[in-house]
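Inspection log for the structure reproduced underneath, given as structure tokens.
The values are calculated or read from the model by the stated rules, or taken from the named source; none is laboratory data. Note that the structure is predicted; figures quoted are calculated from it, not measured. Quick reminder, even Gly has a Cβ in these numbers, built from the backbone with ideal geometry, and neighbours come from all protein chains shown. What goes into the accessible areas is simple: the full protein's heavy atoms, side chains included, and nothing from ligands, DNA or RNA. Shrake-Rupley method; radii C 1.70, N 1.55, O 1.52, S 1.80 Å.
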Amino acid sequence: MAEALAKIPNVEIDPEGTFKYILVRVNVKDGDVNKNIIRGTKSAEYHNHIFEKVSPAMESLGLMCQCLGGGKIENNSTDRKLRVFGESTAFGKADHSVSVELLKSVYSDYEVSWSDDKK
């Protein structure tokens, strides 16, 4: 099961724009091995719409997941900047500092920042 966990991308977000995101902890069933992942898309009207896609996908791999919170990401691919901010009404505010570290691991050539601003 740990192999399945390792194959899951740390970050899957839209390539441009401002959109909702969630921070998710994915666990091996009946184990203590886990990792955090970020998922974000403009197509989600609400944060729970993202989780409703992620959860069944993880379960099909024999994994469990828990949403740790959400917010928004502003992805400016032209200027190579990512900004994390806001919160989810349904899941609460994600720990944006954790989200930023995950984003930096994938977007190493971007300037990645966060704030507690709502907008």
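Could you tell me the distance between the Cα centroids of the range 68-102 and the range 38-58, to the nearest Å? Going from one Cα centre to the other spans 14 Å.
Please give the FRET efficiency for N76 paired with E12, using the beta carbon to beta carbon distance and R0 = 22 Å, rounded to the nearest 0.05.
E between N76 and E12, to the nearest 0.05, is 0.75.
Computed extension gain for K35 through D117, at 0.36 nm per residue and net of the alpha carbon distance, reaches 26.9 nm.
Trypsin sites (Lys or Arg not before Pro) within the range 1-67: which are DSSP loop residues with at most 16 other Cβ atoms inside 10 Å?
K29, K42
Here the dipole of the chain is about 120 debye; that uses its Cα centre as origin and unit charges on the Cβ of Lys and Arg (positive) and Asp and Glu (negative). For the range 1-64, carbon and sulfur atoms together expose 52% of the accessible surface, with a 1.4 angstrom probe and every protein chain in place. Within the straight-line cut-off of under 13 Å between alpha carbons, the aspartates and glutamates reachable from K20 are E12, E45, E74, E87, sequence neighbours fewer than 8 places apart in one chain being disregarded.
In this structure, the pairs whose alpha-carbon distance is over 25 Å, taken from K72/K104; K35/K118; K42/K118; K29/K104, are K35/K118; K29/K104. Placing unit charges on the Cβ atoms only, positive for Lys and Arg and negative for Asp and Glu, gives the range 1-48 a dipole magnitude near 60 debye about its Cα centre. Considering only P56, L102, G17, and ranking their Cα positions along the charge dipole of the chain that arises from unit charges at the beta-carbon of Lys, Arg, Asp and Glu, the one farthest toward the positive end is G17.
Annotation for the range 1-103: GluC sites (Glu not before Pro) lying in DSSP loop with at most 14 further Cβ atoms inside 10 Å of their Cβ are E16, E45.
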